[in-house]
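The values are calculated or read from the model by the stated rules, or taken from the named source; none is laboratory data. Keep in mind it's a predicted model, so treat the numbers as computed, not measured. Here the Cβ positions follow ideal geometry from the backbone for every residue, glycine too, while neighbour counts run over all protein chains shown. These area figures cover heavy atoms from the full protein model, side chains too; ligands, DNA and RNA do not enter into them. Shrake-Rupley method; radii C 1.70, N 1.55, O 1.52, S 1.80 Å.
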Amino acid sequence: MTADSVPPPGATDSGNAADSGIGHRRNWASQKPGLWLAGGLVLLTFSWLPLSYYRMVGWAWILLWHGGGVALLVGLWRRLRFPEHRETDAERESGPEPGRAFYALGYGLDWVALGMGIVLALSALVSPFPRVALWNVSLVVTYIAVLYFYRNVVDAPGAGSGQRSWLSRLRLWWGLVVVAAGTAVVSLVLWRPDDAMWAADNFLTALRNHQPLGHHNFVGGYFVLMLPLAVAAAVATTGWLRGIWIAAAGLMLAALYVSGSRGAALGLVVWLLVTWLSRFRYLKPSQRWRWSLTGLGGFLALGLALASNPRIRAWFSAGGITDSPTLDRWFMLRLGGNILRDRPFFGVGPGVMSRVSNLYRPIETGAGLDHIQQLHNTPVQIAGELGLVGLGVFLAGIVLWIRLWIRLWRQPLEPIDRALLGGMGGSFLAYGVSSLTDYQLENIPLAGTLLGLVVLLVTLGDRYLPRATPLGQDARRRSRLAVALWLGLLLTLWLPFSLTVAYGALADRAFYNQQLNLADTRWYKAYRLSPWDPTAPAVATEALWNLDQMLEESEAQENVRSLLLDYAQQAQQAAPNDAWFNHNLAVLHQADPTTALPYAAQAVQLMPRHRHYGYWLLGDLLLTTGNQEGAIVAFTLEALVNPAALTYPQWKAAPYQTIYAPVVQTALAEYDALLASVTPDTPGFTTLYETRALIAWWTEKPLVEVDPNRLRPVVAGLLLAASDPDAAREAVARNLRLGQQSPELRLLAAWLDPDSYLATPAQPQDAPSDLDALLIEESLGTQPLRLWLTAIVTNPEEGYRGSLTFAYRNYQAQQITLMLTPPNLQRYTLVAKLNLFPAWPREFPALDHRLEALRTKTLGLPHPTHNHFRLTHPD
């Protein structure tokens with residue numbers, strides 16, 4: 001087949017049969033599978049491996065895809081070899097022999113690859129975390145190199161006469177479908193349905209299946225990408241083979257449904273609608289009514305299926321954007337806009353989003369979007385990490401892909417090739433819509449499948465469009481040298497991180513085998529090999545903290561504390577915008593307020609409304625350094641974020657006692673201003689109203705007129721019990737009879753009438769004793785009310801953070817949960833058990849702006865979005 005000739009659709013010569021991929025390859029001998037199998041092994045393993053997104057950065061699974069990537073690069077290097085000796089003048093004039101010909105992508109895609117490489121390099125150079133960015137650049141560039149390798153393997157001529165690559169486009173297409181069908185089987189086998197998943201009002205328990213790819217959106221995105229290819233395979237075949245592909249498509253559809261991914265469901269609907277309309281367009285008028293009825297019935301069935309999904313029902317019942325995940329995406333869109341305001345051309349660097357997102361998160365996100373890894377929108381993610389230049393190159397690649405697809409669709413294709421082309425178009429459309437709701441390009445099964453689609457389209461172009469001229473000897477020599485250099489550079493990037501992951505896993509094993517010195521050595525090696533990764537020092541910090549709590553004052557404890565501080569410092573240096581690394585380091589340095597103060601200040605700037613005592617810690621440090629005015633403001637901010645702080649026992653002792661009155665006065669004034677700025681129908685107004693009344697009652701300040709109808713039964717009963725216990729007893733009993741059986745209301749009823757009510761539900765006889773329950777039972781006879789509320793003093797509950805494997809891309813990062821509490825902090829158990837001060841709504845803009853104004857004006861600690869996206873250090 002020459003560069004300017006296109007064989008007719010019915011051609012039957014051996015070359016055309018091989019090109020079409022369907023002639024059973026009778027007239028030529030297939031080559032045996034080669035190094036390209038490494039890519040297939042990696043794709044299959046991480047498609048079927050449970051929780052593969054986590055395990056791909058865990059020991060020793062990381063070696064699989066590292067080894068696969070190196071093998072494919074070696075394969076590319078071998079493909080670029082050219083014959084050093086030509087026997088005849090005819091061979092010398094003919095250019096590279098057919099078996100050794102090497103082709104670029106063609107169709108303008110090579111310029112996109114070059115442009116993306118340049119953008120990646122520049123983005124990494126200007127990134128605030130260049131080593132993190134360089135690690136991610138290595139992944140993207142390797143994917144691009146692998147694309148060139150497979151482009152020259154699939155349907156490529158072999159090295160010998162009459163031979164062709166074993167990997168035809170037909171085998172690649174069907175292989176991808178087989179892998180996807182197997183993934184669907186694994187997904188459905190690992191799915192654990194229960195009754196709670198059909199409840200639409202609980203995001204955590206609603207219908208979702210994260211297996212085997214690690215997240216339900218990954219699962220949904222993968223199957224909506226592969227489903228059109230499976231359907232195309234069924235269309236292109238007949239007999240028993242068609243039955244196999246129909247079954248595969250059915251498995252994928254079922255797995256897509258139980259994934260609970262709404263973005264994938266949207267992509268499915270758009271694909272089906274476009275497919276139906278495209279068919280409708282070419283029907284005769286006499287056939288259109290049948291096709292209309294078929295479409296109506298199909299979409300009715302689809303609508304019923306989608307309506308049975310609780311997460312989709314929740315989207316409509318919540319009114320679209322007010323649904324929490326949808327609202328999060330709006331905030332992420334704004335976050336991406338903030339990045340472009342700060343770094344418009346080259347973004348923050350590839351893979352750096354989790355390191356900087358706290359600097360760009362809008363204030364109105366409140367208590368949400370802590371440390372996010374991605375912006376749940378592929379174009380926005382690329383714009384944030386690679387800037388407008390990177391987004392332009394990405395969009396240019398999409399335009400060229402679509403242009404090539406359209407050119408091919410207009411050609412006289414073989415039926416099976418047209419089915420393949422239609423399947424690829426459907427996959428591109430469905431996944432393109434889904435990708436507007438999530439970012440998934442770092443997931444191996446998804447990225448590998450997308451790469452396969454590009455290869456399939458290019459090979460179809462080679463079959464039906466003029467083929468590009470193969471690379472000459474000089475170009476191949478330079479390309480081969482570039483691949484060799486990249487292989488060397490890749491080993492210097494990948495090997496240290498592989499060892500980091502290995503040492504982290506081995507250190508964990510050594511620590512829990514009570515080999516502390518060995519664990520310390522391995523943690524330190526992990527950190528030294530990859531100082532940009534905070535995982536090893538953060539895990540070490542947490543393990544050593546737990547050990548420190550079990551040790552008595554001794555030289556051993558001093559050594560552990562010294563190690564603990566070193567590792568906490570290393571974690572914060574690797575990820576300085578992690579609010580909790582800063583908070584924990586401030587707590588550990590609290591004995592040295594001057595050292596601790598900057599970390600505490602950074603923590604409250606990064607997460608201005610977290611409830612884990614950040615402002616209390618800041619107030620403690622300011623009070624210790626003699627800044628009483630600043631301490632009053634910090635404790636006021638704590639009272640706004642965590643109103644229960646005004647009830648803590650510490651206020652009865654020095655030095656807190658001297659500033660309690662001004663803190664209460666300032667806090668009440670702030671609450672009055674908040675109440676005046678929100679309307680009664682604002683989410684959070686009831687909590688705000690109750691909080692103002694309870695603080696005034698607790699601090700014995702004059703009560704403003706309170707409307708009992710705006711109060712929860714437990715709050716109304718408590719305020720009434722302070723003045724008229726009998727009336728409170730009747731009111732609480734009436735509410736209980738009406739079915740308001742909340743634990744806090746039952747507890748208040750037990751104190752008002754211990755003979756009639758139990759403070760806690762009856763437990764089985766063999767159930768372990770609960771110390772809190774025993775103490776509460778003993779306290780029920782305490783009178784009066786205020787004395788009872790302060791009868792039990794305990795330490796605050798420990799905070800918890802999780803899912804950091806997503807943020808730091810290290811399997812061991814799932815062990816990072818530590819959120820330290822300021823030492824010696826205590827609270828009244830009954831105040832917490834009665835739930836007098838429930839958490840604010842996650843989004844409460846009025847409160848967020850009030851906090852920002854007070855913190856900026858008096859402490860000089862503005863949110864980064866109000867300070868050129870930078871943190872401020874206190875004076």
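Points worth noting:
- Each peptide among 543-549, 795-801 gets the average number of other Cβ atoms lying within 10 Å of its residues, and from highest to lowest they stand as 543-549, 795-801.
- C-alpha long axis of helix 61-79 to longest principal axis of the chain, angle in °: 30 degrees
- Rg/Rh, computed from the Cα trace of segment 371-415 with Rh as the Kirkwood radius, has the value 1.25.
- Accessible-area composition of segment 502-544, carbon plus sulfur, in percent [1.4 Å probe]: 45 percent
- Taking 0.36 nm per residue of separation and subtracting the Cα-Cα distance, full extension of the segment from residue 196 to residue 296 would add 32.8 nm.
- A crude spin-label estimate for the pair residue 554 and residue 399, with each label 7 Å from Cα along the Cβ direction, gives 7.1 nm.
- Solvent-accessible area, 1.4 Å probe, carbon plus sulfur percent, for segment 821-875: 50 percent
- Surface analysis of segment 437-543 yields an accessible area of 39 Å² per residue, using protein heavy atoms and a 1.4 Å probe.
- Surface accessible to a 1.4 Å probe, per residue, for the residues of segment 611-693, Å²: 35 Å²
- The lysine pair count for the chain, using Cα distances under 29 Å and pairs eight or more places apart or on different chains, is 5.
- Between the Cα long axis of helix 628-641 and the first principal axis of the chain there is an angle of about 70°, rounded to the nearest 10.
- Dipole in debye (nearest 20) - the chain, about Cα centre, beta carbon charges: Lys, Arg +1; Asp, Glu -1: 4280 debye
- Burial ranking of peptide ranges 105-116, 173-184 (average Cβ count within 10 Å, highest at the top): 173-184, 105-116
- Computed with a 1.4 Å probe over protein heavy atoms only, the accessible surface of segment 349-395 comes to 20 Å² per residue.
- Taking Cα atoms only, the orientation of helix 660-677 departs from the longest principal axis of the chain by about 60 degrees.
- Kirkwood radius and radius of gyration were both taken over the C-alpha atoms of segment 602-749, and their ratio Rg/Rh is 1.02.
- Take each peptide in 293-306, 236-249, count the other Cβ atoms within 10 Å of every residue, and average; sorted highest first, the result is 236-249, 293-306.
- Shape of the chain, Cα gyration tensor, a/c cut at 1.5: prolate
- A Förster radius of 41 Å, combined with the Cβ-Cβ distance separating residue 738 from residue 629, puts the computed FRET efficiency at roughly 0.25.
- At full extension, residue 324 and residue 703 could sit 132.9 nm farther apart than now, given 0.36 nm per residue minus the alpha carbon distance.
- Accessible area of segment 631-702 belonging to carbon and sulfur atoms, whole % at 1.4 Å probe: 59 percent
- Estimated from helices alone, the mean residue ellipticity of the chain at 222 nm is -20500 deg cm²/dmol (sum of -39500 (n - 2.57) over DSSP H runs with n ≥ 4, per residue).
- Taken along the Cα-to-beta-carbon direction at a fixed 7 Å, the label points for residue 592 and residue 60 span 4.2 nm.
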